[in-house]
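Undergrad: One structure coming up, written as structure tokens, with questions to follow.
The values are calculated or read from the model by the stated rules, or taken from the named source; none is laboratory data. Computed from a prediction, not measured in an experiment: that's the story for all the values here. Please note: Cβ atoms are built from the backbone with ideal geometry, for glycine as well, and neighbour counts cover all protein chains shown.
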Amino acid sequence: MTCLRIRLLVATLALVPPERYADYMYEEFDVKERWSGEELHCRWKANIVAIATRHADAVDIRFDVNGRPMWIALPCTAWVEQKKRAGKVITDRLAAQVAGRYLKQIIEQGYDARREVYTMTVAEVLQHLDAVVAEAKAQGGLPSLPVGVEATG
């Protein structure tokens, strides 16, 4: 990506007010649970390398779902496969978008609310990655992750 294209992307993102990001991307969104019909508010909290916390070869993306922690684990091999197939890496903010899109989908399909961790396959990561990138292009770019979010617990 050229410096000019990067500057244009940054300028485009600056025009989108942060309160509008939730309208079309996945770091903060509302979704209706399939079985109960309950409205759930999902909010991205953190990306954590799981090797440090649970000795897993994954990146754990934490969301709060109506205040309750929910983790989406993305296998590290997805980063390798993305680099091989497209020559580009998965950034932290893109990983959060991919995990958020996946979370929204599993809630809409009737997820098990008792589980705290869902693990994506490499194929699922790449599928959701392609969808997020397509949506971001249609919207004019990815929103930046919220800065200064309160500490996770």
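A quick yes/no check of all residues on (1) farther than 17 Å from residue 126 by Cβ; (2) under 10 Å from the mean Cα position of the chain (by Cα):
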residue	(1), (2)
42	yes, no
70	yes, no
78	no, no
88	no, no
96	no, yes
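Undergrad: Shifting gears a bit: Out of everything in the stretch 21-37 that is under 14 Å from the mean Cα position of the chain (by Cα) and of a type in the set (A, V, I, L, M, F, W, C), what residue ends up being modelled with the lowest pLDDT?
TA: So the residue we want is 22.
Undergrad: Within the stretch 102-123, count every residue that is farther than 19 Å from residue 37 by Cα and touching a residue at least 12 places away in the same chain (Cβ under 8 Å). Show your work before the answer.
TA: The initial filter retains those residues of the stretch 102-123 that are farther than 19 Å from residue 37 by Cα, namely 116-123.
Remaining after also requiring touching a residue at least 12 places away in the same chain (Cβ under 8 Å): 116-122.
Matching residues across the stretch 102-123 total 7.
Undergrad: While we're here: When you scan the stretch 60-82, how many residues do you find that are β-branched (Val, Ile, Thr) and closer than 21 Å to residue 112 by Cα? Let's see the steps before the verdict.
TA: Our first condition is that a residue be β-branched (Val, Ile, Thr); within the stretch 60-82, this holds for 61, 65, 72, 77, 80.
Of the ones still in play, those that are also closer than 21 Å to residue 112 by Cα are 61, 65, 72.
Qualifying residue count for the region: 3.
Undergrad: Output yes when any residue across the stretch 38-45 is at pLDDT 90 or above and in a helix (DSSP H, G or I), and no when none is.
TA: Taking every residue of the stretch 38-45 in turn, none turns out to be at pLDDT 90 or above and in a helix (DSSP H, G or I).
Undergrad: Condition first: part of a loop (DSSP other than H, G, I, E, B) and at pLDDT 90 or above. Now tell me which residues in the stretch 95-153 satisfy that.
TA: Those that are part of a loop (DSSP other than H, G, I, E, B) and at pLDDT 90 or above: 109, 116, 120, 121.
Undergrad: When the residues of the stretch 124-141 are filtered to those that are among the aliphatic types (A, V, I, L, M) and without any contact (Cβ under 8 Å) to a residue 60 or more places away in the chain, which remaining residue is surrounded by the most Cβ atoms within 10 Å (Cβ to Cβ)? Walk me through it before giving the result.
TA: Going through the stretch 124-141, the residues among the aliphatic types (A, V, I, L, M) turn out to be 125-126, 129, 131-134, 136, 138.
Now narrow it down to the ones that are without any contact (Cβ under 8 Å) to a residue 60 or more places away in the chain: 125-126, 129, 131, 133-134, 138.
Values: 125: 24, 126: 18, 129: 22, 131: 15, 133: 16, 134: 10, 138: 8.
Among residues in the stretch 124-141 that are among the aliphatic types (A, V, I, L, M) and without any contact (Cβ under 8 Å) to a residue 60 or more places away in the chain, the one surrounded by the most Cβ atoms within 10 Å (Cβ to Cβ) is 125.
Undergrad: Now for a different question. Just the residues that are closer than 20 Å to residue 62 by Cβ and in contact with a helix residue (DSSP H, G or I) (Cβ under 6 Å, 6 or more places away or on another chain), please, taken from the stretch 77-119.
TA: 78, 90, 97, 98, 101, 102
Undergrad: Would you check if residue 85 is out of contact with any strand residue (DSSP E or B) (no Cβ under 7 Å at 6 or more places or on another chain), modelled with pLDDT under 90 and either crowded, with 18+ Cβ neighbours inside 10 Å or not hydrophobic (A, V, I, L, M, F, W, C) (or both)?
TA: Spelling it out, it is not the case that residue 85 is out of contact with any strand residue (DSSP E or B) (no Cβ under 7 Å at 6 or more places or on another chain), modelled with pLDDT under 90 and either crowded, with 18+ Cβ neighbours inside 10 Å or not hydrophobic (A, V, I, L, M, F, W, C) (or both).
Undergrad: I've got another one for you. Please specify each residue of the stretch 44-83 satisfying the condition of being charged (D, E, K, R) and under 15 Å from residue 129 (Cβ atoms).
TA: 81, 83 - these are the residues of the stretch 44-83 that are charged (D, E, K, R) and under 15 Å from residue 129 (Cβ atoms).
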